[in-house]
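One structure is given below, encoded as structure tokens.
The values are calculated or read from the model by the stated rules, or taken from the named source; none is laboratory data. Predicted model only: the values in this text are computed from it and were never measured. We place every Cβ from the backbone using ideal geometry, glycine too, and count neighbours over all the protein chains shown. Keep in mind that these areas ignore ligands, DNA and RNA; they rest on the heavy atoms of the full protein, side chains included. Shrake-Rupley method; radii C 1.70, N 1.55, O 1.52, S 1.80 Å.
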Amino acid sequence: MSPVLEVQDLHVTFAGRVGLGAGLLGRRGAEARAVDGVDLTVGEREVVALAGESGCGKTTLARTIMGLERPRAGRILFEGRPIGRNGLRAYRRNVQMVFQDPAGALNPRQTVYESVAEGLRVHGLHQDEEGRVAQALASAGLRPPERFFLLYPHELSGGQRQRVVIAGALVLEPKMIVADEPVSMLDASVRGEILSLLLRLRDELGLALLIVTHDLGLAWTVADRVAVMYLGKIVEVGPAEEVLTRPLHPYTRALLEVVPERGGDLAGRRVLAGEPPDPTRIPPGCRFHPRCPEVAEGRAAALGQEHRCLGEVPALREIAPGHFAACHLA
Ligand code: SF4
């Protein structure tokens with residue numbers, strides 16, 4: 001599978017800010033390493049879930065991929081070519097973002113037609129505007145599309161609003177969609193429908209999808225591969241089935257303890273004891289060690305690895321075919 005998107009050793013830092021995005025709190029004046037050396041690929045027609053708690057840097061990574069944040073170092077390649085100022089406009093047409101909150105993403109004073117047509121106008125695509133808007137709405141499951149043209153966001157359900165947002169992305173005929181928590185603000189009853197829609201778009205339009213989520217249960221439902229992020233780094237990545245049934249990293253195991261399918265609920269709560277992640281104070285050695293059950297419960301010491309956990313940064317190593325983990329015990 002040839003990669004559509006490649007992220008290489010990406011670093012994003014914020015200096016002297018307190019609020020850094022969903023749950024990402026840093027100390028005033030200290031540099032926050034929100035994304036701290038990330039490599040990630042998304043292949044053609046591939047669905048990759050980027051998972052982790054609030055504040056792990058996943059939304060910052062997604063926003064940087066979209067060109068909404070500037071990386072301090074590293075590269076982002078689209079179809080093998082680095083994105084830079086020159087190709088940014090074409091890139092932004094090819095890679096579209098769907099945000100978490102459909103109500104916030106839509107202008108309440110714009111009709112559905114205006115909202116979906118906006119991207120075409122921004123990119124100077126004036127030919128057959130009405131046909132393109134109708135096609136995008138139909139692809140997003142709003143049929144017959146003409147019935148929705150003159151409606152305003154407040155006249156739609158939450159699920160319909162998210163479909164309009166998705167139509168606004170589809171109208172530009174992108175090759176990839178980055179979806180940031182695309183169903184977390186929707187009623188449980190429509191979450192499955194929106195996830196099915198995204199998968200259908202992958203199958204029918206050949207889209208690649210990067211889905212940012214705090215919910216490993218969702219990743220389980222939709223993803224081909226899962227990347228788990230902790231404090232700015234990917235700590236485990238591999239085929240979804242492998243990562244979710246045979247997790248190698250203690251952090252992934254902790255996240256899996258609370259997926260709803262296993263009787264827990266990760267939404268809005270910390271999954272582990274200890275200090276919440278603070279990107280201005282990244283611990284030495286393995287950054288997960290202050291919260292790691294393997295250290296706290298003595299297994300790392302019993303295996304003679306505790307000194308490495310506390311002092312040596314674990315590399316992301318391939319432990320099984322295509323399955324990588326950054327843990328001295330893996
Ligand atoms: Fe835990 Fe050590 Fe593995 Fe880090 S390297 S996750 S501290 S066992």
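Table for the structure above
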read-out: Residue in region 137-152 that is farther than 30 Å from D9 by Cα, touching a helix residue (DSSP H, G or I) at 6+ places or on another chain (Cβ under 9 Å), open to solvent by 60 Å² or more (accessible area, probe 1.4 Å) and among the polar types (S, T, N, Q) present; value: no
read-out: Region 58-111, residues that are among the basic types (K, R) and part of a loop (DSSP other than H, G, I, E, B); value: R70, R72, R85, R109
read-out: Region 110-136, subset more than 29 Å from the chain's Cα centre (by Cα) and open to solvent by 40 Å² or more (accessible area, probe 1.4 Å), residue modelled with the lowest pLDDT; value: H126
read-out: Residue in region 70-92 that is of a type in the set (S, T, Y) and over 22 Å from the mean Cα position of the chain (by Cα) present; value: no
read-out: Count of region 277-330 residues which are outside any helix (DSSP H, G or I), near the ligand (Cβ under 9 Å from one of its atoms) and crowded, with 18+ Cβ neighbours inside 10 Å; value: 13
